[in-house]
Amino acid sequence: MTEAEFTSRVFSGIQPSGGLTLGNYLGALKRFAQAQDQGIETIYCMVDLHAITVWQDPVKLRHATRELCAGFIASGVDPEKSILFNQSQVSEHAQLAWIFNCVARMGWMKRMTQFKDKAGKNAENASLGLFGYPALMAADILVYHATHVPVGEDQKQHLELTRDIAAKFNHDYSVDFFPITEPVIEGAATRVMSLRDGSKKMSKSDPSDMSRINLTDDADTIAKKIRKAKTDPEPLPSEVAGLEDRPEARNLINIYAALSDKSVDQVMADVGGKAFSEFKPMLADLAVAQMAPISDEMSRLMQDEAEIDRILTVGADRARAIAAPILKKTYEIVGLVGS
Ligand code: TYM
């Protein structure tokens, strides 16, 4: 097999499963906008077919998908510069996922920690879709021959599986057709933790609203949540090494670094040694300055749902133009008649 040349193309997705958090913003959205502004081809997707692997109320799903689209745009993803669309509107994703269901092995899927977490104790009762989730995710990426996938830390294992699926397909059919995708897990906030418990990931599914900052929170709520964030009684250490074993302090420093586009070392040089009573207001000001305009812009965009739907339709047409020939070629390689 010779090495095929793949041009750089970024793909990533977010589930419209209700509410975006600061974790989604710093781990994903903010970095999506940065990749777009570097002039690389960028494709971003609302993965509604992934969302329905667990129960979603249809009315809420429709709302969450549009709100997620507004969240992308308010965070700086420009639908003119990037391709921004909804997964179910481009059927090539589901079609390639079927092929990958036949490439991926049961044993690979069983090892996925996200499946184990989401299925919980009663795995027998989980949907088949939840089990096959990572094959659809591989299809999302590979139907565009995407080479780079910016994500937060929690998606690492799924991206390793995407590489395994691409490699097995290429090997089984003796082709060099799918690229071996690079996960891009970079920056200070690849795993933003709960504001109430530094050992848990910040998540939209946490029962406590105080554990997270939502992209829809207003300035006062953001400031209050940061003021009340759990910390330990000691002042901040003077050096990065002193943050070890202090997960809450580490988390707030990471958030500060990611919001201000500085490294953790730079931030520690600025704020090391300060008491939380001094540091928290600095962090609150920074978070409000960056997040409140996003929340305002999201509400503005949500007032015109027809415009959001128009953007998604245009995005889906542009996405399909790339995906359709790649799917067609895949069918041909596999030996499906008529392709
Ligand atoms: P999802 O919808 O759970 O999250 C979307 C993105 O946000 C990141 N993220 C975080 N980053 C840092 N700290 C946190 N606390 C935090 N919480 C979430 C996630 O890592 C992710 O980048 N399976 C994916 C969606 C998906 C996808 C894809 C991603 C489907 N197909 C193809 C990339 C490429 C998911 O459930 O993300």
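The values are calculated or read from the model by the stated rules, or taken from the named source; none is laboratory data. Note that the coordinates shown come from a computational prediction; the quantities given were computed from them, not determined experimentally. Every residue, glycine as well, gets a Cβ built from its backbone with ideal geometry; the counts of neighbours run over all protein chains shown. Just so you know, the surface numbers come from the protein's heavy atoms only, side chains and all, with ligands and any DNA or RNA stripped out. Shrake-Rupley method; radii C 1.70, N 1.55, O 1.52, S 1.80 Å.
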Open item on the list: Between a residue in region 143-155 that is among the polar types (S, T, N, Q) and any residue that is more than 7 Å from the ligand (Cβ to nearest atom) and open to solvent by 10 Å² or more (accessible area, probe 1.4 Å), which pairs come within a Cβ distance under 6 Å, given they are 6 or more apart or on different chains?
Closed with: Thr147/Phe6; Thr147/Ser8; Thr147/Arg9
- [ ] May I ask you to list pairs of residues, at least six apart or on different chains, whose Cβ atoms are under 8 Å apart, with the first in region 255-268 being in contact (Cβ under 8 Å) with a residue 40 or more places away in the chain and the second being of a type in the set (Lys, Arg)?
- [x] Ala258/Lys30
Open item on the list: I'd like to check which helices (runs of 4 or more DSSP H) are fully inside region 188-284 and have at least 1 residues that are under 25 Å from Met302 (Cα atoms), of a type in the set (Asp, Glu) and more than 16 Å from the ligand (Cβ to nearest atom).
Closed with: 219-227
- [ ] Mind listing whichever residues of region 98-119 are open to solvent by less than 40 Å² (accessible area, probe 1.4 Å) and over 22 Å from the mean Cα position of the chain (by Cα)?
- [x] Ile99, Val103, Ala104, Gly107
Open item on the list: Here's a check for you: in region 63-85, which residue that is out of contact with any helix residue (DSSP H, G or I) (no Cβ under 6 Å at 6 or more places or on another chain) and not in a helix (DSSP H, G or I) is most open to solvent (accessible area, probe 1.4 Å)?
Closed with: Glu80
- [ ] Identify, by number, the condition in (1) buried (at least 18 other Cβ atoms within 10 Å of the Cβ); (2) of a type outside the set (S, T, N, Q); (3) free of Cβ contacts under 8 Å to residues at least 40 places away in the same chain that Lys200 doesn't meet.
- [x] (1)
Task: Filter result (within 13 Å of the ligand (Cβ to nearest atom), touching a residue at least 40 places away in the same chain (Cβ under 8 Å) and acidic (Asp, Glu)) within region 163-187 - done: Glu186
Open item on the list: Against the conditions (1) modelled with pLDDT of 95 or more; (2) in contact with a strand residue (DSSP E or B) (Cβ under 8 Å, 6 or more places away or on another chain); (3) more than 12 Å from the ligand (Cβ to nearest atom), where does Ile40 fall short? Just the number, please.
Closed with: (1)
TODO: Kindly establish whether Lys110 is basic (Lys, Arg), within 14 Å of the ligand (Cβ to nearest atom) and more than 29 Å from Arg310 (Cβ to Cβ).
DONE: no
Open item on the list: Would you confirm whether or not region 135-146 contains a residue that is out of contact with any strand residue (DSSP E or B) (no Cβ under 7 Å at 6 or more places or on another chain) and either under 27 Å from Leu252 (Cα atoms) or more than 13 Å from the ligand (Cβ to nearest atom) (or both)?
Closed with: no
- [ ] Run down Glu124, Glu160 and say which single residue is within 15 Å of the ligand (Cβ to nearest atom), surrounded by fewer than 17 Cβ atoms within 10 Å (Cβ to Cβ) and not aromatic (Phe, Trp, Tyr).
- [x] Glu160
- [ ] Scan (1) closer than 20 Å to Leu68 by Cα; (2) open to solvent by 70 Å² or more (accessible area, probe 1.4 Å) for the single condition Pro207 breaks and write down its number.
- [x] (1)
Task: Condition check for Thr181: closer than 18 Å to Phe6 by Cα, surrounded by 21 or more Cβ atoms within 10 Å (Cβ to Cβ) and not aromatic (Phe, Trp, Tyr) - done: yes
Open item on the list: Any residue that is among the polar types (S, T, N, Q), surrounded by fewer than 17 Cβ atoms within 10 Å (Cβ to Cβ) and within 30 Å of the chain's Cα centre (by Cα) - is there at least one of those in region 263-271?
Closed with: yes
Open item on the list: Scan region 44-52 and tell me whether some residue there is away from the ligand (no atom under 13 Å from the Cβ), within 13 Å of the chain's Cα centre (by Cα) and open to solvent by less than 40 Å² (accessible area, probe 1.4 Å).
Closed with: no
Task: Residues satisfying the stated conditions in region 21-62, i.e. part of a helix (DSSP H, G or I), among the aromatic types (Phe, Trp, Tyr) and either farther than 26 Å from Leu195 by Cβ or not assigned by TED's automatic domain parsing to the domain that holds Lys118 (or both) - done: none
- [ ] Of all residues in region 1-31, count the ones that are under 21 Å from Thr216 (Cβ atoms), at pLDDT 95 or above and either of a type in the set (D, E, K, R) or more than 9 Å from the ligand (Cβ to nearest atom) (or both).
- [x] 2
Open item on the list: Please count how many residues of region 293-325 are surrounded by 15 or more Cβ atoms within 10 Å (Cβ to Cβ), farther than 18 Å from Phe85 by Cα and not polar (S, T, N, Q).
Closed with: 2
